[in-house]
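First the structure, in the form of structure tokens, and then the observations on it.
The values are calculated or read from the model by the stated rules, or taken from the named source; none is laboratory data. Since the model is a prediction, treat every value here as computed from it, not as a measurement. Ideal geometry is used to build each Cβ from the backbone, glycine not excepted, and the neighbour counts take in all protein chains shown. Keep in mind that these areas ignore ligands, DNA and RNA; they rest on the heavy atoms of the full protein, side chains included. Shrake-Rupley method; radii C 1.70, N 1.55, O 1.52, S 1.80 Å.
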Amino acid sequence: MAQQVSVEDPTTQSNYLKIATENVFLQWTVDFNKECIFGSATHTLVAREEVSEVIFDTYALKIEGVEVEDKPAANYHLGDEHEVMGSALRVPLGKEIRAGDKAKVKITYRTTDRCPALQWLAKEQTQGKTFPFLFSQCQPIYARGIAPLQGKLPTPLRRKASVTSVLPVLLSAKRKSPPSDGPAHGGKVIGIDEVTYEYDQAEPIPSYLLAIAAGNLRYRAFSVPEGKTWTSGVWTEPELLEKAHYEFCDDTPRYLSAAENLAGPYKFGVYDLLILPPSFPYGGMENPCISFITPTLITGDRSLTDVVIHELTHSWFGNGVTHAHASHFWLNEGWTTYIERVLLELIISPAHRGLSYIGGYKALVDALKLFEDSPKYQRLVIGFETGEDPDSAYSRVPYDKGANFILHLERTLGGLDVFLPYVREYVKTYMGHSITTTQWKDHLYSYFSKQTDKIKALDSVNWDAWLYGEGIKLPVEMEYDLTLATAANDLADRWHKSRDLNVSKLDFKSEDIDQLDGKQQAVFLERLESYAALPSSHLIHFDELYKFSQTENSELRMRFYLVILKDPASPAAKQYVEQVADWIIGKDSGVIQGRMKFCRPAFRAVNAVDPEKAVAAFKSARTAFHPIAQKLIEKDLGLSGELRKA
Ligand code: BES
Ligand code: ZN
């Protein structure tokens, strides 16, 4: 293979290849008044070679003390802060230990207001407006902002935690006490009494899957098919519980069962959803035992539950078989996206799988274009330099180039009947391990090694082009099931072809879009956006007919705004730009669009029309966004961190 991507994690300063955490015990108190988490992390480490110190990653932590083998150690050292990687905490072990020997290190510390992983919401920013709220986002490398940890370990770690708080606490682990289905907050007074929550994660998981949330949270169970070894349900503030339960109660257990049939038993015992406040920066995050989910999925019609399918699929692809480090991120997202779409085919129809690829393809091409000046990020396997920020590369590339690549392999090898047994074997082989792209590829070859026709088929694949190719084209032109896309494309094409007509001559009706479901409407808007901007008069008529500027479905509203602002100099763009800025920051509704999939493209589009407006809107609402979203929006708007430092 032409390119070698190292097995060493480029995002860490820790010496995890010499000595690695096997177990960590977190003992925390959540302090809503001071907005910090304080307590300790106790690591049990195993030496892999002769070693006399252990180095942890930290980010803006205040270290208060270190103990080695239960004895205070004064000679630890916290290094200078690297902008991306944070500060290395070096702890001398007091002696040389040998490969296989264990060490115990306890660090007492507190988080600070510069923690990139945590967002502390004031009570006004919640549904109920009575209690504050806290949640984390640790992927890709922010876990070090809530605990001293070692980067992306080659072997995932097990952990236990005990967290004291005046508000109910959720962690990405199994709760031991008080019981999830018992009285909220163990029957104590919410907001006043301290309760200690005990959690245990016996399955080995990488550090980016550490997660915490605390707030006025309630649980409602889903009913699960008989004979299952797992439970499933939803957590959210009481005001949203009913709606959230309705949205997900059917699809969650159904798809988790289907994923088990496809990939093997679900091993985490609990699969819950947590519906977060609107500032949650992602659609979903696959924290083990509890996927974190954006509230924008709650539409009342269950039309956006495919995000949950995606997150639960990570239980095998990512949380089960995990990528070795940032450069191999596509193994997580490409595989998950591929399997998510197989499940759509198996449970709904092949046409739904096709439609999902079509939407993904548009997003992929957009992402590839956005990276024309940094072609390295157009690659599936990115060779990150040490200290390079993986969030700068975050895009649809690993998802959709990845899913298309695996789809191409599926087709090359003979379709789902041949491919799915291999998938099961792949999962079985690497469950609980971190792997590189080369390990994945070697296993694929070895699985088919006795079938010469399959090996021949594999040899025909242009591996270098798929894994390391740049540019905006896929190595193979892909074909998808167009059954559902056709109606959407036809309507977009009719608008496109009517661009030279006078508005009064246009023959469109508001019912045009009634024949399209939500996903098809998204494809319709995307197709329209891919053409040159329509005349402003057409666009204004378009909105009068279809009223996308009033929909509560952010997937559609955002795409509509991108259509309207496509030509930044147009009268339509000038007319709508304020409305778009207000929508992002929730000026009238009080609900910000905190999900980066929506706020980042929308802010970029506003910025292209009226940079002052974009910056002013962002500044007025900056702290309502999660710290990670703040950082990336600042980058997009050319503000590069100057606000947060001020
Ligand atoms: N694991 C990702 C979210 C993520 C990736 C967070 C990298 C931080 C760094 C999650 O599974 C995801 O892909 N979310 C998507 C959902 C979508 C693809 C269905 C999202 O948030 O849009
Ligand atoms: Zn994902």
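Could you work out the percent of alpha carbon pairs in the stretch 19-313 separated by over 23 Å, rounded to a whole number?
Values: 24028 of 43365 pairs.
Looking at the stretch 19-313, the distances longer than 23 Å represent 55 percent of pairs.
What's the center-to-center distance, using Cα atoms, between the stretch 253-322 and the stretch 182-240 in Å?
Spelled out, the Cα-based centre of one part sits 15 Å from the other.
With a 1.4 Å probe and every protein chain left in place, work out the accessible area per residue of the stretch 19-313 in Å², rounded to a whole number.
Here the residues of the stretch 19-313 average 37 Å² of exposed surface.
Starting from the Cα of residue 454, draw a straight line to each of the aspartates and glutamates and keep only those under 17 Å, dropping any in the same chain fewer than 8 residues away.
410, 417, 425, 442
Ratio of Rg to Rh for the stretch 21-130, alpha carbon only, Kirkwood?
Details: Rg = 16.5 Å, Rh = 15.5 Å.
Looking at the stretch 21-130, the ratio lands at 1.06.
Please state the shape class of the stretch 329-468: rounded when a/c is under 1.5, otherwise prolate if a/b exceeds b/c and oblate if not, all from the C-alpha gyration tensor. All intermediate terms of the calculation are to be shown ahead of the outcome.
On the way: a/c = 1.73, a/b = 1.27, b/c = 1.37.
Note, shape of the stretch 329-468 comes out oblate.
Over the heavy atoms of residue 144, what accessible area does a 1.4 Å probe trace out, to the nearest 10 Å²?
Per-residue accessible area (residue 144): approximately 10 Å².
Taking +1 at the Cβ of each Lys and Arg and -1 at the Cβ of each Asp and Glu, which of 39, 180, 558 sits farthest along the dipole of the chain towards its positive end, judged by Cα position relative to the Cα centre?
Result: 39.
Please report the carbon-and-sulfur percent of the accessible area for the chain; probe 1.4 Å, protein heavy atoms only, DNA, RNA and ligands left out.
Carbon and sulfur atoms account for 49 percent of the accessible area of the chain.
Over all directions, what mean area does the Cα convex hull of the stretch 252-311 project, stated in square nanometres?
Dividing the Cα hull surface by four gives the mean projection, 4.1 nm².
Within the stretch 70-184, how many Lys pairs that are eight or more residues apart, or on different chains, come under 17 Å at the alpha-carbon?
For the stretch 70-184, qualifying lysine pairs total 10.
What's the extension gain from residue 69 to residue 385 if we count 0.36 nm per residue and subtract their Cα-Cα distance? Mind showing how you got there, number by number?
On the way: separation 316, 0.36 × 316 = 113.76 nm, distance 3.52 nm.
110.2 nm is the gain from fully extending residue 69 to residue 385.
Give a residue-ordered list of calculated ³J(HN,Hα) values for the stretch 254-269 (Karplus: 6.51 cos²θ - 1.76 cosθ + 1.60, θ = phi - 60°; whole Hz; x for Gly, Pro).
5, 6, 5, 5, 5, 5, 4, 4, 7, 10, x, x, 6, 9, 8, x
Would you work out which of 261, 485, 86 lies farthest towards the positive end of the dipole of the chain? Charges go on Cβ: Lys and Arg +1, Asp and Glu -1.
Value computed over the given set: 86.
What accessible area per residue comes out for the stretch 329-468, rounded to a whole number of Å², with a 1.4 Å probe?
Result: 37 Å² per residue.
Once phi is turned into θ = phi - 60°, what whole-Hz ³J(HN,Hα) does the Karplus curve with 6.51, -1.76 and 1.60 give for every residue of the stretch 78-88, x standing for Gly and Pro?
So the J values, rounded to whole Hz, are 9, x, 4, 7, 7, 3, 9, 8, x, 10, 7.
Report, in degrees rounded to the nearest 10, the 0 to 90 angle that the Cα long axis of helix 627-636 makes with the longest principal axis of the chain.
Value to nearest ten degrees: 50.
Tell me which residues come under 5 Å, amide H to amide H, from residue 53 once H is placed; ignore anything under 5 positions away on its chain.
Long-range HN contacts for residue 53: 93.
Cα centroid distance between the stretch 526-565 and the stretch 438-455, in Å?
After rounding, the separation between the Cα centres reads 47 Å.
Return one whole number: the accessible area per residue of the stretch 501-645 in Å², for a 1.4 Å probe.
Computed with neighbouring chains in place, this is 43 Å² per residue.
Leaving out same-chain residues fewer than 8 places away, which lysines sit with a Cα under 27 Å from that of residue 450?
Once the sequence-local lysines are set aside, what remains near residue 450 is 428, 441.
Check which residues have an amide H placed less than 5 Å from residue 323's amide H, if you skip close sequence neighbours.
Long-range HN contacts for residue 323: 332, 435.
Mind pulling the angle between the C-alpha long axis of helix 571-585 and the longest principal axis of the chain? Nearest 10 degrees, somewhere in 0 to 90.
30 degrees
Tell me, what ³J(HN,Hα) does each residue in the stretch 128-135 have, in order and in whole Hz, if you take phi through Karplus 6.51 cos²θ - 1.76 cosθ + 1.60 with θ = phi - 60° and put x for Gly and Pro?
In residue order, the calculated couplings are x, 6, 10, 10, x, 8, 9, 8 Hz.
For residue 272, enumerate residues with amide H under 5 Å from its amide H, sequence gap 5+ or separate chain, H modeled in the peptide plane.
When sequence neighbours closer than 5 places are left aside, the close amide H contacts are 233, 290, 291.
Against the longest alpha carbon principal axis of the chain, how many degrees, from 0 to 90 and to the nearest 10, is the axis of helix 536-546 turned?
It works out to around 70 degrees.
Given the chain reduced to its alpha-carbon atoms as identical point scatterers, what log10 I(q)/I(0) does the Debye formula return at q = 0.06, 0.07 Å⁻¹?
-0.33, -0.45
Between the stretch 69-114 and the stretch 33-52, how far is it from one alpha carbon centroid to the other, in angstrom?
When both Cα centres are located, 7 Å separates them.
Any idea what the dipole of the chain comes to, in debye rounded to 20, about its Cα centre with Lys/Arg Cβ at +1 and Asp/Glu Cβ at -1?
It comes to approximately 720 debye.
Which residue, 498, 394, 538, has the largest displacement toward the positive end of the dipole of the chain when charges sit on each Cβ (Lys, Arg +1; Asp, Glu -1)?
Farthest towards the positive end: 394.
Report Rg (one decimal) and Dmax (nearest whole number) for the stretch 501-645, counting Cα atoms only, units Å.
So, for the stretch 501-645, Rg and Dmax equal 15.7, 55 Å respectively.
About its Cα centre, what dipole magnitude does the stretch 19-313 give when the only charges are +1 on Lys and Arg Cβ and -1 on Asp and Glu Cβ, stated in debye to the nearest 20?
Numbers: 30 positive and 37 negative charges, 95 e Å.
With only Lys, Arg, Asp and Glu charged at Cβ, the dipole is about 460 debye.
Could you give the size of the charge dipole of the stretch 501-645 about its Cα centre, using +1 on the Cβ of each K and R and -1 on the Cβ of each D and E, expressed in debye and rounded to the nearest 20?
It works out to roughly 720 debye.
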